[in-house]
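To start, the structure under review is shown below, and the notes come after it.
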Amino acid sequence: MCIRDSNSIFLFFFFKQKTAYEISACLVGSEMCIRDRIYSIPMLLLIGWRGEPGKKDEPQHYVQGKVMNGLLTEMGIQYEVLPDFYEGAEKSVESALFHLQNRNSPYALVVRRQTFLNYKLQNKAKNDMPLNREEATKIIVDNIGDHDAIVGTTGFLSRELWEIRARRQQSHERDFLTVGAMGHASSIALGIALAKPSRNVFCLDGDGALLMHMGALTTVGTSNCSNIKHIVLNNSAHDSVGGQPTNAFQVNLSEIARNCGYSYSKQVSSEVDLIEEIQKLRNIKGPAFLEVKIRPGARKDLGRPKTSTIHNLSLIHISEPTRQAEISYAVFCL
């Protein structure tokens with residue numbers, strides 16, 4: 001967001017941490033833009049302190065939480081932790097504005113959990129599609145093969161997938177849950193598909209995640225990998241983090257995938273059509289892409305995986321070790 005007054009232009013970046021890699025990349029880009037040797041643009045960074053030491057959080061946040069403040073220091077970005085009371089917060093903002101006006105360099109406010117009051121989203125995404133994400137995921141699980149692998153995107157989808165398996169007392173050994181790496185599920189799925197060419201690998205993706213790293217579409221689409229089947233459950237919302245709308249209903253994701261090299265691409269929204277397309281995907285050569293338009297929303301009692309990420313990974317066996325390096329390539333090539 002850009003705000004301009006009579007004397008200055010201020011750029012405000014609001015983001016919560018995802019991975020240490022992503023936040024460092026964001027900060028590097030920010031620092032490159034505002035250093036006096038380049039553009040000298042003042043920029044206020046409002047950073048959610050996920051994984052703060054001593055606070056309970058998701059496993060992917062603990063590492064980045066420990067290095068958060070040190071990373072800012074190493075980048076030469078002045079910062080302070082935003083107080084959780086009005087008078088202190090007001091002084092912090094005044095200090096930040098003084099720095100922006102006089103130093104023409106970035107300033108970060110690091111925000112602890114529960115610093116702000118709850119906010120009810122005013123433009124929460126809504127639509128009237130017949131299926132929601134959990135219903136669509138159940139249909140997919142019911143109709144893929146017994147030996148097919150699944151890579152689930154981060155957020156609600158992987159949590160729902162884990163609960164579906166748990167309720168049915170099924171093993172999780174064929175599922176890779178992409179914890180915390182939003183947008184990277186298709187790259188991970190490509191690596192697994194290359195390592196296990198005799199098995200179908202279904203990537204269950206979300207529209208928000210897909211839009212975050214759309215470059216992966218060209219990597220997967222031009223891979224000539226016949227056993228990767230990329231399914232995007234599109235509710236046009238960042239459902240797992242509050243329901244903020246995306247623009248995924250305003251573009252044709254299946255056509256974008258086709259133009260990125262996928263050999264097969266289709267869009268569905270009904271249960272009957274979804275079942276029919278899953279049967280097709282099992283038998284056609286990929287890379288194949290299926291967009292499933294769904295409605296947003298999740299159960300209020302939706303749980304979280306009861307086992308650790310390391311334990312879940314230990315259940316997944318790569319039977320062709322000579323090709324394991326291809327997984328690393330696919331994950332990090334973007």
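The values are calculated or read from the model by the stated rules, or taken from the named source; none is laboratory data. Predicted model, so just to flag it, every value in this text is computed and none were measured. Cβ coordinates were reconstructed from backbone atoms using ideal geometry, including for glycine residues, and neighbour counts include every protein chain displayed. Note: accessible area is taken over every heavy atom of the protein model, side chains too, but ligands, DNA and RNA are not part of it. Shrake-Rupley method; radii C 1.70, N 1.55, O 1.52, S 1.80 Å.
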Can you work out the Karplus-derived ³J(HN,Hα) for every residue in the range 206-222? Use 6.51 cos²θ - 1.76 cosθ + 1.60 with θ = phi - 60°, whole Hz, and x for glycine or proline.
x, 5, x, 5, 4, 5, 5, 10, 5, x, 5, 4, 6, 5, 5, x, 9
When we measure straight from the Cα of Lys120, which aspartates and glutamates land under 16 angstrom away, once same-chain ones fewer than 8 places off are left out?
Asp239
Just to make sure I understand: if all protein chains stay in place, what is the order of Asp142, Asp84 by accessible area at 1.4 Å, largest first?
Asp84, Asp142
Report the local net charge at Met129: Lys and Arg +1, Asp and Glu -1, summed over other residues whose C-beta lies under 14 Å from its C-beta.
-4
Sorted by chain and number, the residues with a modelled amide H under 5 Å from that of Phe289, at a separation of 5 or more or across chains, are His230, Tyr264, Ser265, Lys266
If I stretch the segment between Lys285 and Ser198 completely, what's the gain in nm (0.36 nm per residue apart, minus their alpha carbon distance), one decimal?
30.1 nm
Report, ordered by chain and residue number, the lysines lying within cross-link reach of Lys66, taken as a straight Cα distance under 27 Å and ignoring same-chain residues fewer than 8 apart.
Lys16, Lys18, Lys55, Lys56, Lys91, Lys306
Long-range HN-HN contacts of Asn227 with modeled amide H, under 5 Å
Gly286
Qualifying aspartates and glutamates (Cα of each under 20 Å from Cα of Lys285; at least 8 residues distant if same chain)
Asp146, Asp148, Asp205, Glu255, Asp273, Glu276, Glu277, Glu326
